[in-house]
Amino acid sequence: MSKAEYNTARPEEVESLRTFGQMIDGSIIYPKLHGYEASEKRVKETMLEYEKLYFKDMTFTEGSITGDMFSLYEDLGKERKNFFDVPFDLSISQIDVKFKNLGNHTRGKFIPKDMAIHFHYLYFDWRTVLHEMIHAYSYLLLKINKTYPLRDYLIIRLYDKLRDELKNIKALTTAWAHYEHMDTLVSNEWDGHGILFYLKSLDLEIELEQPWGMIRGYPFDKTPEKKDKKPLKTSLI
């Protein structure tokens, strides 16, 4: 198998090659990320770039859909100053990146206790990075304040934004809530794929013009219906 064939191989083919030790040039061929050979350092740099481009809402950056949470306090004088004096950091810079062998079916996984995202060292792409970044920001929001006000405010603002984009956002979120509720009852594990995750994945798929489900990464039988006349591609998931 040539290097070009290796780089375009399906995940299961790549894993098979890895299992049987069929290396190319005697070394691991890492995935490509925007034309560059992926490394832990390069992925971290990419995440910091994505933060400025796609996650201003999740970091409550001024000018984003959540930035007005702070401007609402302009007339409160001393109380507003105290509000800003409360330290919190939502930057992805605090999250480490590690390449791991995650098995055949996992391309990436956010590990809260390690404050790190683990990526499969042989296959993942930029969509995987965005998916895991949503998990990381969701965790940082909960870590800052366990009573959830920042997270809840973000959910409201994302819902309002998507209501302008999609005809059936209410039906989608209702169905997703039911889907996730039943899934967690069966698995009895927190997996971070709640309403916030779903709304932000939809938001990114619209902004980046991705087929439905490409960033979400999980099967779902409800298809979003856009309000404009330019629908996104059919979901590949």
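The values are calculated or read from the model by the stated rules, or taken from the named source; none is laboratory data. Just so you know, these numbers come straight off a predicted model, no measurement behind them. Positions of Cβ are backbone-derived with ideal geometry, glycine not excepted, and every protein chain shown enters the neighbour counts.
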Here is a list: Phe119, Phe110, Phe124. Which entry is modelled with pLDDT of 90 or more and more than 21 Å from Thr59 (Cα to Cα)? Phe119
Would you pick out the residues in the stretch 94-140 that are crowded, with 22+ Cβ neighbours inside 10 Å and touching an Asp or Glu at 6+ places or on another chain (Cβ under 6 Å)? Val97, Gly108, Ile117
Does Met47 satisfy the criteria of being part of a helix (DSSP H, G or I), under 30 Å from Lys161 (Cα atoms), at pLDDT 90 or above and not β-branched (Val, Ile, Thr)? yes
Which one of the conditions (1) closer than 20 Å to Leu208 by Cα; (2) of a type in the set (Val, Ile, Thr); (3) in contact with a Lys or Arg (Cβ under 9 Å, 6 or more places away or on another chain) does Ile111 fail to meet, given that it meets all the rest? (1)
State yes or no: is Arg18 surrounded by 14 or more Cβ atoms within 10 Å (Cβ to Cβ) and either in contact with a strand residue (DSSP E or B) (Cβ under 8 Å, 6 or more places away or on another chain) or modelled with pLDDT of 85 or more (or both)? no
